[in-house]
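Below is one structure; the comments refer to it alone.
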Amino acid sequence: MNLMTIHDLHEKLIAKELSAVELTKAVIARRDAADGEIHAYLSTSDERALAQAAKVDEKIAAGESISDMAGIPGAIKDNICIKGETCTAASRMLEHWVAPYHATVIEKLAAEDFVSLGKTNLDEFAMGSSTENSYFGPSRNPWDTERVPGGSSGGSAAAVAAGEAVWSLGSDTGGSIRQPASFCGLVGLKPTYGLVSRYGLLAFASSLDQIGPIVRDVTDAAIVLNAIAGHDPRDSTSIPMEKKDYKKALTTDVKGLRIGVPEEFFGPGIKEETKAAIEAALRFYGKEGAEIVPVSIPRVKSGVSVYYIIAPAEASSNLARYDGVGFGFRMPGKDIVDMYIQTRSAGFGPEVKRRIMLGNYVLSAGYYDAYYLKALKVRKLLKDDFDRAFSQCDVIAAPSASGEAFRFGAFSDPLSLYMEDICTVPVNLIGAPSISIPVGFHDGMPLGMQLIGKALGEETILRAAYAFEQGHPEYTKTAPKGDM
C-alpha cells in the first residue's frame with residue numbers, strides 16, 4: 001500500500017476499498033519502522049495528518065466528490081512554511097523557529113484536502129547535493145543505505161522511495177529535485193520558474209529556486225503540479241496564466257516529437273552506463289515515431305561556473321537576515337557586532353559559510369564586474385544557446401546525474417561535488433522546466449534521464465516522460481530492497 005501511487009490510491013478511496021485514515025495510519029507505521037535507518041524526516045505531524053484524513057473520509061461518506069490528492073499522505077521539504085510547524089531548513093540557525101504562515105503551495109494543497117505527515121531533511125538551506133550538509137545528520141538512500149539519497153531534497157526523495165510518504169514536495173535551485181529523484185528511482189519535476197509560487201519557501205537563490213514534486217510516476221507528477229501551479233500576487237515572479245490540467249498531456253503518442261540530444265551533456269564525467277541507458281531510451285523513442293535531433297548547447301560547459309557565482313551571490317544577500325536579532329538562533333556577544341559574529345559563526349554550517357563568503361566576494365567592490373556581472377552575461381548567452389537548440393527540437397534529453405548515487409564521503413573537496421551538478425544547473429539558469437525519470441539501473445542502483453522543455457512546456461515533457469514510462473514499467477515499479 002505504501003508504495004502505491006496517488007492515482008491508484010485515489011481510486012481505492014473513492015471505491016471505499018480503503019479509508020484515508022487507514023491509509024494514513026499505514027504510511028505512518030511504515031515511517032516509524034523505517035525512518036530510524038533512513039532519517040528522511042526532521043519533524044512529524046501525525047495528529048494533524050489523521051485529522052486531515054478523517055475529514056476526507058467524512059466527505060466520501062457524505063457522497064461528496066474529492067480531489068485527486070485528497071487523503072493521500074505526503075511530506076514537505078523543511079524549507080517550506082507550514083503555519084504552526086517548525087521550519088528549520090536543516091540549520092541550527094532555525095532549529096526552533098515555528099512558521100507563522102502557510103506557504104502558497106501549502107494553501108493550495110490544503111484546498112485539495114492533502115494529508116501532511118511532516119517535514120523532510122535537506123542540505124542546510126538547500127545548499128548541497130547529498131544531505132550530508134544537514135545540521136541534523138544525513139538521510140540515507142533506501143536502495144543502499146551506504147549511499148546518499150541526493151540533495152538538497154534528499155529527505156523528500158528518501159521518504160517516497162522508502163514508502164514513508166506517497167508523494168513529497170522538494171525545491172530545486174540547481175537540481176535539488178531532479179538529482180535526488182534520479183538517485184532514488186523516482187520521478188522529479190522542476191517546473192518553469194514562476195509557474196509555482198515561491199511565497200513561503202525559505203530563499204536560497206531567488207532567481208533560481210522553484211518548488212516541485214517528487215513522486216513514484218509521471219501521472220502523480222501531473223497531479224501534484226495541478227495542485228500547486230498557479231499565479232500568486234504575493235510572489236512578484238509568479239506568472240499570470242490560466243490554470244491547466246496537466247493530466248491531459250499524458251499520452252503515449254510521441255509521433256513527430258522532436259527530441260534534441262546535445263553532445264555537451266554527454267562529455268567527460270558522465271558514466272558510460274548512464275550514456276548507454278539514455279541511448280537505449282532514445283532508440284525507444286525513435287521506434288515510437290519521435291525524431292532524434294542532434295543539437296549543440298556550447299555554453300553548457302560554463303553552467304557550473306556561472307551557477308556558483310550567481311547562486312552564492314544571491315544566497316549571501318538572502319541569508320543576511322539571519323543575524324540573531326529578529327528571529328532564530330542567537331549567541332551572546334560583548335556587543336551587537338560581536339553578537340552578529342558569534343551567532344552566524346555558530347548558527348551556520350561549513351557549506352553555508354563557504355557560499356556566503358563566495359557570494360560576498362563576487363559582489364564586493366573591485367570584483368563585481370569581473371565575476372558577478374560577467375556571470376549574468378554568460379547566463380544570457382546560455383539562454384540563447386538553449387533557444388537555438390529549441391528552434392530545432394521540442395524536448396532535450398540529458399542525464400539527470402553523472403551516474404548512480406554515490407557513497408557517503410565520496411568527494412573529498414567541495415569543487416568535485418559541485419561538478420556533479422553539471423547536468424542540472426543549466427536548466428535553473430534559463431528558468432526552463434525539466435523532469436527526471438528512471439531510465440535504468442547500474443550496480444543495483446537507479447539511473448535517471450531528464451527531459452528539458454521550453455518555458456511553460458510542462459505538457460510536452462510530461463508527454464515524453466509518460467510515453468517512456470509506460471513502455472518501461474520495470475523502471476518505475478521496482479522497489480528498493482524488494483517489496484516493502
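The values are calculated or read from the model by the stated rules, or taken from the named source; none is laboratory data. The shown structure was predicted, so the numbers you read here are calculated from the model rather than taken from an experiment. Please note: Cβ atoms are built from the backbone with ideal geometry, for glycine as well, and neighbour counts cover all protein chains shown. Each accessible area value is taken on the protein alone, full model and side chains, heavy atoms only, with ligands, DNA and RNA left out. Shrake-Rupley method; radii C 1.70, N 1.55, O 1.52, S 1.80 Å.
Restricting attention to the stretch 143-156, which residues are buried (at least 24 other Cβ atoms within 10 Å of the Cβ) and not in a loop (DSSP other than H, G, I, E, B)?
Listed by number, the residues that qualify are GLY154, GLY155, SER156.
Would you check if HIS96 is within 24 Å of ASP46 (Cβ to Cβ), open to solvent by 10 Å² or more (accessible area, probe 1.4 Å) and in contact with a Cys (Cβ under 8 Å, 6 or more places away or on another chain)?
When the stated conditions are applied, HIS96 does not pass them.
I'm trying to understand the selection: among the residues of the stretch 78-123, which are of a type outside the set (Val, Ile, Thr), within 19 Å of GLY230 (Cβ to Cβ) and part of a helix (DSSP H, G or I)?
Residues satisfying the conditions are GLU107, LYS108, LEU109, ALA110, ALA111.
Pairs needed: first member in the stretch 301-329, closer than 14 Å to ALA205 by Cβ and free of Cβ contacts under 8 Å to residues at least 40 places away in the same chain; second member anywhere, assigned to a helix (DSSP H, G or I) and aliphatic (A, V, I, L, M); C-beta distance under 9 Å; at least 6 residues apart or different chains.
ALA320/ILE356
What is the number of the single condition among (1) within 22 Å of the chain's Cα centre (by Cα); (2) at pLDDT below 95; (3) of a type outside the set (Ser, Thr, Tyr); (4) open to solvent by 10 Å² or more (accessible area, probe 1.4 Å) that MET484 does not meet?
Condition not satisfied by MET484: (1).
Taking the stretch 448-475, which residues are of a type outside the set (Phe, Trp, Tyr), over 24 Å from GLU272 (Cβ atoms), out of contact with any Phe, Trp or Tyr (no Cβ under 9 Å at 6 or more places or on another chain) and at pLDDT 95 or above?
Correct list: LEU456, THR460, ILE461, ARG463, GLN470.
Give VAL196, VAL215 a once-over and let me know the one that is closer than 26 Å to ILE278 by Cα and of a type in the set (A, V, I, L, M).
Numbers: VAL196 fails: closer than 26 Å to ILE278 by Cα.
Only one candidate qualifies: VAL215.
Determine which member of the set ALA410, ALA375, ALA432 is within 29 Å of ALA465 (Cβ to Cβ) and surrounded by 19 or more Cβ atoms within 10 Å (Cβ to Cβ). Outline the logic, then answer.
On the way: ALA410 fails: surrounded by 19 or more Cβ atoms within 10 Å (Cβ to Cβ); ALA375 fails: within 29 Å of ALA465 (Cβ to Cβ).
When all the criteria are applied, what remains is ALA432.
Would you mind telling me which numbered condition in (1) open to solvent by 10 Å² or more (accessible area, probe 1.4 Å); (2) farther than 25 Å from ILE430 by Cβ PRO294 fails?
It is condition (2) that PRO294 fails.
Report yes if some residue within the stretch 77-92 is in contact with a helix residue (DSSP H, G or I) (Cβ under 9 Å, 6 or more places away or on another chain), under 17 Å from PHE204 (Cα atoms) and open to solvent by 50 Å² or more (accessible area, probe 1.4 Å); otherwise report no. Let's see the steps before the verdict.
Taking the stretch 77-92 and keeping what is in contact with a helix residue (DSSP H, G or I) (Cβ under 9 Å, 6 or more places away or on another chain), we get 77-92.
From what is left, the residues that are under 17 Å from PHE204 (Cα atoms) are 77-81, 87-92.
Checking which are open to solvent by 50 Å² or more (accessible area, probe 1.4 Å) leaves us with 92.
Within the stretch 77-92, one or more residues are in contact with a helix residue (DSSP H, G or I) (Cβ under 9 Å, 6 or more places away or on another chain), under 17 Å from PHE204 (Cα atoms) and open to solvent by 50 Å² or more (accessible area, probe 1.4 Å).
Just give me the residues in the stretch 43-75 being among the charged types (D, E, K, R) and in contact with a His (Cβ under 8 Å, 6 or more places away or on another chain), in sequence order.
Going through the stretch 43-75, the residues among the charged types (D, E, K, R) turn out to be 46-48, 55, 57-59, 64, 68.
Hit for the stretch 43-75 is ASP68, nothing else.
Inside the stretch 124-142, can you point out the residues that are buried (at least 24 other Cβ atoms within 10 Å of the Cβ), out of contact with any Ser or Thr (no Cβ under 9 Å at 6 or more places or on another chain) and part of a loop (DSSP other than H, G, I, E, B)?
Hit for the stretch 124-142 is PRO142, nothing else.
May I ask you to list pairs of residues, at least six apart or on different chains, whose Cβ atoms are under 9 Å apart, with the first in the stretch 75-97 being among the polar types (S, T, N, Q) and the second being assigned to a strand (DSSP E or B) and open to solvent by 50 Å² or more (accessible area, probe 1.4 Å)?
Within 9 Å, the pairs are THR86/VAL98.
Among the candidates ILE341, ILE356, single out the residue that is part of a helix (DSSP H, G or I) and open to solvent by 40 Å² or more (accessible area, probe 1.4 Å). Lay out the reasoning, then the answer.
Numbers: ILE356 fails: open to solvent by 40 Å² or more (accessible area, probe 1.4 Å).
Residue meeting the stated conditions: ILE341.
Would you check if there is a residue in the stretch 157-170 being assigned to a loop (DSSP other than H, G, I, E, B), in contact with a helix residue (DSSP H, G or I) (Cβ under 7 Å, 6 or more places away or on another chain) and of a type in the set (Ser, Thr, Tyr)? Outline the logic, then answer.
Looking only at the stretch 157-170, we keep the residues that are assigned to a loop (DSSP other than H, G, I, E, B), and these are 162-166.
The next check asks that each one be in contact with a helix residue (DSSP H, G or I) (Cβ under 7 Å, 6 or more places away or on another chain); those that pass are 162-166.
Next, from what is left, pick out any that are of a type in the set (Ser, Thr, Tyr): none.
No: zero hits.
Any idea which of ALA311, ALA315, ALA276, ALA281 is at pLDDT 95 or above, surrounded by fewer than 17 Cβ atoms within 10 Å (Cβ to Cβ) and part of a helix (DSSP H, G or I)? Spell out the reasoning first.
Details: ALA311 fails: surrounded by fewer than 17 Cβ atoms within 10 Å (Cβ to Cβ); ALA315 fails: surrounded by fewer than 17 Cβ atoms within 10 Å (Cβ to Cβ); ALA281 fails: surrounded by fewer than 17 Cβ atoms within 10 Å (Cβ to Cβ).
Just one listed residue meets the conditions, ALA276.
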